[in-house]
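Down below is the structure, laid out as structure tokens.
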Amino acid sequence: MSGKKRRRGYMTNGQELTIARHLALRLRKFGVTEGFGIVGDYVLKFVDALDKEEFRVLNTTDEQGAGFAADGYARVRGFGAVVCTYGVGGLKIANATANAWSERVPLLVVSGAPGVSERENDPMLHHRVKDFDTQFRVFQDLTCAQAVLGHPHSAADEIDRVMALMVSEQRPGYLEVPRDMVDQIIDQPESALRTHRPPADQEALQHAIADVVEQLRDARTAVIHAGAMVQRRQLVDSLHRLATGSGIPVATSSLARGVFPERHELGLGVYLGALSPEQIVRRVEDADVLLSLGVLQTDLTLGAFTAHIDHERYILASDTDVTVGYRTYRDVPLWAFIPALADALQGESITIDHTPLPADEPFIPSPDAPEISDVVHAIEVHLDERHCLLLDPGEALFSAVDMRVPTYAHASAYYATMGYAVPAALGVGKADPDRRPVVVVGDGAFVMTGLEAAACAYNGVPAIIIVLDNSGYGTQRPIMDGPFNDIPTLAVDRLPDVFGTGRGFDVQTRAELDTALSQAVDSDELCILRVHLPKDGRSPALERLGEALRARA
Ligand SMILES: Cc1ncc(C[n+]2csc(CCOP(=O)(O)OP(=O)(O)O)c2C)c(N)n1
Ligand SMILES: [Mg+2]
């Protein structure tokens, strides 16, 4: 052991510290009880060391899938970890890390690497690119904090620094473990791991609250638009208190579906500019006051910027500041603002008009071929609080604006990386064992990462996977069509036979859709539905967006 003092409260059960032990302890502290990944000779010993700490790395079929699984896990638990080998593994996780950066997800990438002693004299070791730091440099651009754990004195401190910054900034991080460091005894960390939230100026907070309360006092109607940072900063309960205490209805954003229960009487479903159904657009855009809380203001989350929002009536609370009309209150972070506003409104008698949206119509099975809107409708009717959703970019994501999700839905809704939803279901299923993940994914996206359905089944996550088979890249066709939007056919309903587990459904009619969903919901196996859709079909959501964009042009 080094000469450093043993820190009180740091439990290693009398055992000496290693990188694996420290990392497993820290991950557990953040609620992470398993990771995802694929081994290789640079990381085998480390994965084995983690395993001995009872921290299991679950196999996926591909490293990108492991990255998406860990990202889904992090969206539910607040932190996730992917473990991989050097170069061939790490670089395949670059895209998943980019997604996590763009969508504010604390995804930790842990990569094995050539040993410190092996790197001397610059030998050509396998999986190397330009030099030994190539992968590190790639991840410098994709993460908020990085470290190569090359020294026993600093390894624990470096792990803590990276993890603390990730939580503080809600961004991905990167750790590299040279393989000859795995057996080394490392020093205890210098100090306790401390995370930070954006700074709060109490005076500015009071002014902002007074201003917002004033706006609400004068308002007849108001709507909250709730976004991803509400969930990332663990403000879901405060948001609930704010909405139910004041009677202000809530629309969610596409990166935060279900952050307020969409089927609650104050729930409006998702607001995505002109993509959303007219009844939601009217409620949001005509409200006397629109309170945007932690919404990442991107083209996709605002329906290609088709949101018509009057700045005079707009209150915009970001992760760090609040803007009321044209007045900005600096250092009024979301984490302080939402609870303070909920408190302030307890003592106010504001009255907000709200009529709950009408309940769903029943789904009528028939021998007709289904359209995308039928799939959305059937899913909405068949799913309940036992399910959560994963929506892949494409029609799966857009068409779902016409449903109110039963619990929550996760999606790569801004970075929009195809192939996210199937592997993310593995992570979400592990992170939230009380809910069964239901994936909606395009046929084009499914062929990218659909084999991770096998990883779901193998790891005990019996997902329901609904493949929207419209013979190719449907959402690209209206932009520009050609042979580049066609893809080879895949009978995905037969995959369970190939996997040796699960059930497949070939869905050609609305009646078959209804039966398949009933049976899938009742079964506890992996289920894959291939829903045949017209090649040139368009969801109502995309029709609405098309109209809005044409009107703007
Ligand atoms: C990884 C990745 N590659 C390419 C794209 C560009 N892109 C966006 S949507 C789309 C087509 C998606 O096809 P499919 O999954 O079948 O869904 P559909 O559009 O038919 O609903 C493509 C190629 C992307 N978003 N992500
Ligand atoms: Mg398609």
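Taking first residues from region 454-472 that are in contact (Cβ under 8 Å) with a residue 60 or more places away in the chain and partners that are within 16 Å of ligand 2 (Cβ to nearest atom) and among the hydroxyl-bearing types (Ser, Thr, Tyr), the Cβ contacts under 9 Å between residues at least 6 apart in sequence or on separate chains come to 468/399; 469/489; 471/489. If the condition is being open to solvent by 60 Å² or more (accessible area, probe 1.4 Å), part of a helix (DSSP H, G or I) and either among the hydroxyl-bearing types (Ser, Thr, Tyr) or in contact with a helix residue (DSSP H, G or I) (Cβ under 7 Å, 6 or more places away or on another chain) (or both), then region 7-56 contributes only 45.
Looking across 494, 404, one residue alone is more than 20 Å from the chain's Cα centre (by Cα), away from ligand 1 (no atom under 14 Å from the Cβ) and at pLDDT 95 or above. It is 494.
Report whether or not residue 75 is more than 20 Å from residue 132 (Cα to Cα), in a helix (DSSP H, G or I) and basic (Lys, Arg). So residue 75 passes the test.
Restricting the first residue to region 10-26 and requiring it to be closer than 16 Å to residue 158 by Cβ, which pairs with a second residue that is modelled with pLDDT under 95 and open to solvent by 60 Å² or more (accessible area, probe 1.4 Å) meet a Cβ separation below 7 Å and a spacing of at least six or different chains? Between residues of region 10-26 that are closer than 16 Å to residue 158 by Cβ and residues that are modelled with pLDDT under 95 and open to solvent by 60 Å² or more (accessible area, probe 1.4 Å), the close pairs are 21/15. Scan region 92-117 for residues that are part of a strand (DSSP E or B) and of a type in the set (Gly, Ala, Ser) and jot them down. Selection gives 111, 112, 113. Candidates 332, 441, 422, 401: the one that is under 29 Å from residue 74 (Cα atoms), out of contact with any Cys (no Cβ under 9 Å at 6 or more places or on another chain), within 16 Å of ligand 2 (Cβ to nearest atom) and of a type in the set (A, V, I, L, M, F, W, C) is 441. If you check 364, 372 for being touching a helix residue (DSSP H, G or I) at 6+ places or on another chain (Cβ under 8 Å), over 30 Å from residue 317 (Cα atoms), more than 16 Å from ligand 1 (Cβ to nearest atom) and of a type in the set (Val, Ile, Thr), only one passes: 364. Looking at the structure I just gave you, is residue 70 assigned to a helix (DSSP H, G or I), under 30 Å from residue 448 (Cβ atoms) and modelled with pLDDT of 95 or more? Criteria met by residue 70. The set of residues in region 370-408 being of a type outside the set (Asp, Glu), assigned to a loop (DSSP other than H, G, I, E, B) and open to solvent by 10 Å² or more (accessible area, probe 1.4 Å) consists of 386, 393, 394, 404, 406, 407, 408. Looking only at residues that are open to solvent by 20 Å² or more (accessible area, probe 1.4 Å) and of a type in the set (S, T, N, Q) in region 460-481, which one is modelled with the highest pLDDT? So, considering only residues that are open to solvent by 20 Å² or more (accessible area, probe 1.4 Å) and of a type in the set (S, T, N, Q), the one modelled with the highest pLDDT is 471. Taken over region 409-428, the criterion of being open to solvent by 20 Å² or more (accessible area, probe 1.4 Å) and either free of Cβ contacts under 8 Å to residues at least 60 places away in the same chain or on the phi > 0 side of the Ramachandran plot (or both) is satisfied by 416, 418. Scan the strands (runs of 3 or more DSSP E) fully inside region 409-490 and keep the ones with 2 or more residues being hydrophobic (A, V, I, L, M, F, W, C) and farther than 26 Å from residue 304 by Cβ. Counting at least 2 such residues, we get 464-469.
Taken over region 103-121, the criterion of being open to solvent by less than 10 Å² (accessible area, probe 1.4 Å) and among the hydrophobic types (A, V, I, L, M, F, W, C) is satisfied by 105, 107, 108, 109, 110, 113. Could you check, for region 122-133, whether at least one of its residues is open to solvent by less than 50 Å² (accessible area, probe 1.4 Å) and touching a residue at least 60 places away in the same chain (Cβ under 8 Å)? Among the residues of region 122-133, not one is open to solvent by less than 50 Å² (accessible area, probe 1.4 Å) and touching a residue at least 60 places away in the same chain (Cβ under 8 Å), which makes the answer no. Taken over region 263-282, residues that are surrounded by 23 or more Cβ atoms within 10 Å (Cβ to Cβ) and over 25 Å from residue 383 (Cα atoms) amount to 2.
Once region 314-358 is narrowed to residues that are without any contact (Cβ under 8 Å) to a residue 12 or more places away in the chain and part of a strand (DSSP E or B), the residue that is surrounded by the most Cβ atoms within 10 Å (Cβ to Cβ) is 323. Within region 499-513, does at least one residue satisfy the condition of being within 26 Å of residue 427 (Cβ to Cβ) and without any contact (Cβ under 8 Å) to a residue 24 or more places away in the chain? For region 499-513, residues within 26 Å of residue 427 (Cβ to Cβ) and without any contact (Cβ under 8 Å) to a residue 24 or more places away in the chain: present.
The listed residues are 445, 431, and the only one of them that is open to solvent by less than 20 Å² (accessible area, probe 1.4 Å) and within 16 Å of ligand 1 (Cβ to nearest atom) turns out to be 445.
Taking the criterion of being modelled with pLDDT of 95 or more and more than 11 Å from residue 226 (Cα to Cα), the residues of region 286-302 that qualify are 286, 287, 288, 289.
The values are calculated or read from the model by the stated rules, or taken from the named source; none is laboratory data. Here the structure is a predicted model, which is why all the values come from computation and not from measurement. Every residue, glycine among them, receives a Cβ derived from its backbone with ideal geometry; neighbour counts consider all protein chains shown. These area figures cover heavy atoms from the full protein model, side chains too; ligands, DNA and RNA do not enter into them. Shrake-Rupley method; radii C 1.70, N 1.55, O 1.52, S 1.80 Å.
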